[in-house]
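For reference, the structure discussed in these notes is given below.
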Amino acid sequence: MSDADVAGAYAHCESLTRAQAANFYYGIRLLTRTKRRAMCAVYSFARRVDDIGDGALEQAEKLRLLEAEALVLGALESRAQSAPDGDPVAVALRDAYERFELPAGALGELIEGVRMDIEGTSYETFEELVLYCRRVAGSIGRVSLAIFGLRAGAGADMPAAQALADDLGVALQLTNILRDIGEDAENGRVYLPGEDLRRFGLVRGEERRSSSEMLAALAQRSGGVHARGGELERREQLASLMGFEAQRAREWFARGMALAPLLDRRSAACVLAMAGIYRRLLERIAAHPQEAMRRRMSLPVREKAWVAARGMLGGAAG
């Protein structure tokens, strides 16, 4: 593989990340060129896997495509063969593996997490949900840490730092779940644990399908001015549930943010920017749970840019 081929593959991944990673690119662009390119390669692969899970294909075809990606990943990690011809994401990712020794198996966990989505896995306990979050987001945190590296004299070893990266990934994914709660419900998915839905009175032993239909109905009606007594009660219960889950996410952020001081300045800025954007989004969701049910909430571009700038200056911008 020529240097020009590798450079072109990285350019493709950077273009894709810049266009599609609405929140993450604000942090990624603060990195040095080599690290930024590697992060874009990782994002591009993760995006491709996510798109398989989120697409409209039949379950069997989705699982087949996931298995194909797992085979490509296995070949890259084992250095068994060159990247598939005509696949710039694989070319760039292979180079990233060689430059940064990305942890074997981490991106495979992402594939397993998306497989859980395709198979319709539901979560009865918070511990079960955390396992899913670790697979789809904590795994990316650990890969990112391999690219960042630890700052000389950081005073922590890699396993301890990996645990923090994993915690931060869980916090980001919990925020994603709250951000997408209405949209997911309309698509028949409920990520929040069954024990929590019961704790706040939203379900009383019904099937998970009925809980998704109930949440979807609330999402469709949340913009209305008039609500009947039962519906109003469910809105209040849902707001309490989302506040409860938001507090959990805050606690995971508090642990995961201890990663930033262990990194060099630009890598720390990347973490502060990405986490800062998500923390502010989390607070917006917690303050307006009914709005979050009605539409996917986001931060204005100017606010994201401000958070990224604060990250470069070393401020948490939370």
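The values are calculated or read from the model by the stated rules, or taken from the named source; none is laboratory data. What you see is a predicted model; the values in this text were computed from it and never measured. Virtual Cβ from ideal backbone geometry, glycine too; neighbours counted across all protein chains shown. These accessible areas exclude ligands, DNA and RNA; they are computed on the full protein's heavy atoms, side chains included. Shrake-Rupley method; radii C 1.70, N 1.55, O 1.52, S 1.80 Å.
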Taking only the alpha-carbon positions of the chain as identical scatterers, the Debye log10 I(q)/I(0) at q = 0.13, 0.14, 0.15 Å⁻¹ comes out as -0.97, -1.11, -1.25
Taking the dipole of the chain about the Cα centre (Lys, Arg +1; Asp, Glu -1; charges at Cβ), the one of GLN237, MET293, ALA305 that reaches farthest to the positive side is ALA305
So the carbon and sulfur contribution to the accessible area of the chain, 1.4 Å probe, in percent, is 50 percent
Result for the chain, cysteines with no Cys Cβ partner under 4.7 Å, is CYS133, CYS270
Using a 1.4 Å probe on heavy atoms of the protein chains only, the accessible area for GLU251 in Å², nearest 10, reads 90 Å²
The base-10 log of I(q)/I(0) that the Debye equation returns for the stretch 1-135 at q = 0.15 Å⁻¹, one scatterer per C-alpha, is -0.77
Gyration tensor (Cα only) of the stretch 1-62 to equivalent ellipsoid, semi-axes in Å sorted down, yields 25, 16, 8
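Is there a quick way to get the dipole size of the chain? I mean about its Cα centre, with the Cβ of Lys and Arg at +1 and of Asp and Glu at -1; what is the value in debye to the nearest 20? Don't skip to the answer; put the middle values down first.
Details: 43 positive and 44 negative charges, 291 e Å.
Dipole of the chain, to the nearest 20 debye: 1400 debye.
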Applying the gyration tensor rule to the Cα atoms of the stretch 239-289 (axes a ≥ b ≥ c; rounded if a/c under 1.5, else prolate if a/b exceeds b/c, else oblate), the class is oblate
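For the stretch 1-149, what is the accessible area per residue in Å², given a 1.4 Å probe and the full set of protein chains?
Values: 6480 Å² over 149 residues.
Here the residues of the stretch 1-149 average 44 Å² of exposed surface.
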To the nearest 20 debye, the stretch 1-89 has a Cα-centred charge dipole, built from +1 on Lys and Arg Cβ and -1 on Asp and Glu Cβ, of 580 debye
Highest mean packing first, using Cβ neighbours within 10 angstrom, the peptides 232-239, 9-16 sort as 9-16, 232-239
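So what is the relative contact order of the chain, in percent, for Cα pairs below 8 Å that sit 6 or more residues apart? Don't skip to the end; give the middle numbers.
Details: 445 pairs, mean separation 62.9, N = 318.
Dividing the mean separation by the residue count of the chain yields 20 percent.
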Under the rule rounded for a/c under 1.5, else prolate if a/b exceeds b/c, else oblate, using alpha carbon gyration tensor axes a ≥ b ≥ c, the stretch 59-214 is classed as oblate
